[in-house]
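Shown next, in structure tokens, is the structure this report addresses.
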Amino acid sequence: MPKQEIRVLGIDDSPFQRGRGKALVIGTVFRGGQYMDGLLSTYVKVDGLNATRVLTKMINESRNKDQLSVILLDGIAVGGFNIIDIHDLHGQTSLPVVVVVRDMPNFKSISKALDNLPNKPKRLALLKKAGQMHEYWVNNDSRSKNKIYFQFAGTSESYVRKVLKLTIKHGLIPEPIRIAHIIGQGLVFGESKGRA
């Protein structure tokens, strides 16, 4: 069972313009789901192929690295379809990686959207490599649907379920991801808006 105050890194991208430039990525370091201890940031190419390398560098160069126990990602891609190789990210950082999504991905729609980008076979291979989607039922005061989904690398399904239970405090997603989302929106729009 993970300790109540394990250091967790939650990562989410910020709003961006499709098809151009870079997207800001925010990482929040939390003690369990209780409070934030640190903030990381970096940029990835929108719809690029550099997310795994850039996130690895951000994490490995952080002064928080030695205290981290797990990486939580809001989806498997940042900056559009800049898809993260979660197994490589685990291998390069020696940290378990967990992908959390609110809805089951529609892989037919994703495949069709990838027709507009270069390296479609590589992107599809990364999606497949991430592995099976697992359901997780959230038991809290949320009035919306209570089911989310996850994938993982470098740990066990039972450990992931314990980490999710520990870090989901408000709503349906882990607190480190929720706060990364709020910070990203605030930096880009001047204030956060929409669901977090």
Qualifying residues in the range 80-92 (those that are buried (at least 21 other Cβ atoms within 10 Å of the Cβ) and in contact with a helix residue (DSSP H, G or I) (Cβ under 7 Å, 6 or more places away or on another chain)) - the one nearest to Ile6 (Cα to Cα): Leu89
Matching residues in the range 30-52 - criterion: being under 20 Å from Gly80 (Cβ atoms), of a type outside the set (Ser, Thr, Tyr) and crowded, with 16+ Cβ neighbours inside 10 Å: Val44, Lys45, Val46, Asp47, Gly48, Leu49, Ala51
Where a residue in the range 170-191 is over 19 Å from Gly79 (Cα atoms) and surrounded by 15 or more Cβ atoms within 10 Å (Cβ to Cβ) and its partner, wherever it lies, is polar (S, T, N, Q) and modelled with pLDDT under 90, with Cβ under 9 Å and at least six apart: Gly171/Asn140; Gly171/Ser142; Gly171/Ser144; Leu172/Asn140; Leu172/Ser142; Leu172/Ser144; Leu172/Asn146; Glu175/Gln34
Residue match in the range 98-110 (condition: under 24 Å from Lys147 (Cα atoms), in contact (Cβ under 8 Å) with a residue 60 or more places away in the chain, touching a helix residue (DSSP H, G or I) at 6+ places or on another chain (Cβ under 7 Å) and not aromatic (Phe, Trp, Tyr)): yes
Test: residue in the range 119-130 that is over 18 Å from Leu49 (Cα atoms), surrounded by 11 or more Cβ atoms within 10 Å (Cβ to Cβ) and over 15 Å from the mean Cα position of the chain (by Cα): no
Evaluation of Ser69 against (1) free of Cβ contacts under 8 Å to residues at least 60 places away in the same chain; (2) surrounded by fewer than 19 Cβ atoms within 10 Å (Cβ to Cβ); (3) part of a strand (DSSP E or B) (one fails), failing number: (1)
Tally of residues being touching a strand residue (DSSP E or B) at 6+ places or on another chain (Cβ under 6 Å) and more than 15 Å from Asp13 (Cα to Cα) across the range 52-78: 6
Inter-residue pairs, beta-carbon under 6 Å, first within 30 Å of Gln34 (Cβ to Cβ) and in the range 10-23, second of a type in the set (Phe, Trp, Tyr) and assigned to a loop (DSSP other than H, G, I, E, B), 6+ apart: Ala23/Phe16
Residue check for Arg63: surrounded by 15 or more Cβ atoms within 10 Å (Cβ to Cβ) and among the charged types (D, E, K, R): no
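The values are calculated or read from the model by the stated rules, or taken from the named source; none is laboratory data. Note that the coordinates shown come from a computational prediction; the quantities given were computed from them, not determined experimentally. Reconstructed Cβ throughout: ideal geometry from the backbone, glycine too, with neighbour counts over all protein chains shown.
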